[in-house]
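Written out below as structure tokens is the structure these notes cover.
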Amino acid sequence: MRRYFEWKRRNIAFCCYGSEIKMFRSRARLPVSPEQQEWIEESFKLLIRLFGEDWVKNAPLVLPNKQFFNREWVNTEDWARYAFGTVCELMQVQRGRIDLHFQRDGWEELRQAGLPVGWTRGAAGLYRQIPEAEGPSSAEITIKHSLINEPESMVATMSHELAHVLLLGDGKIDRDMERMEPLTDLMTVFSGFGIFTANSAHVHRSNSRGWHVSNKGYLNQREYGYAMAVWAWQRGEQAPSWKNELTKNVRTFMSETLAHFKSTKRPS
């Protein structure tokens, strides 16, 4: 499917390390460890208990196209706020509960000055709960301003922070819960935004000014590949065509997992 977000992509490439890519063998192998597999499986069961089976079955598979984002992308805060409203609607979060801010960061200033920036990792978004005297809590969400130039990563970050609203703001889980942040990433997959968050997990960009590698989120590419396969299988999708929207690494890990599910006759 042709991308609808029309920003310059000719200098953008996703890292696909040879050590990460495995060809299919006669026996399907899982891309995750037994511990990772158990955690993802149990976390999906938890999310189903919290939100119901209809949530995962009825969630739209959100893509960066006109069907979901019907305004042409421009790198402005106005477009970013429009996108945030769209993500709120798709994730069933009332927009009026959220106070949205954008904050500039030091790395952005270096890139705008034309200086080469290498490996960076940091909080792309922040969530702060605001208790209310009556009714559901409200929240303050802050998004890194430089993500306005990276619409898919920006939408991934927005979906993660709104997953906090659904899990923490609505009292579904406690903040001190073990692996709370990875569960929040998994909630984005559960809610149909896995294409965005999985593709943003590890990104390499290069141009005439230098190169930049970023890791976003709390799940790695193998975990996303497994999680996307579990999500598809729960929906009765054993060979989803949309897996081609994933980056090569995640798509490979998802395919390996689905092949394993078929070979072991995993129940739907």
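Please treat every number below as a calculation from the coordinates, not as lab data. Keep in mind that this is a model prediction, so the values were computed, not measured. Please note: Cβ atoms are built from the backbone with ideal geometry, for glycine as well, and neighbour counts cover all protein chains shown.
For this structure, a couple of remarks:
- R0 of 35 Å, Cβ-Cβ distance Glu42-Glu132: FRET efficiency to nearest 0.05: 0.65
- Above-threshold pairs, the threshold being 23 Å between Cα atoms, out of Lys57/Lys243; Lys57/Lys172; Lys45/Lys172; Lys57/Lys262; Lys57/Lys265; Lys45/Lys248: Lys45/Lys248
- When you count the other C-beta atoms within 10 angstrom of each residue and take the mean per peptide, 170-183, 80-93 line up highest first as 80-93, 170-183.
- Each peptide in 256-262, 239-245 gets a packing score, the mean of other Cβ atoms within 10 Å over its residues, and the list from highest to lowest is 256-262, 239-245.
- Computed packing ranks the peptides 142-153, 94-105 as 142-153, 94-105, most packed first, by mean other Cβ atoms within 10 Å.
- Remark: the Arg266-Val74 segment gains 64.7 nm on full extension, using 0.36 nm per residue and subtracting the alpha carbon distance.
- Stretchable slack from Gln94 to Lys57, in nm (0.36 nm times residue separation minus alpha-carbon distance): 11.2 nm
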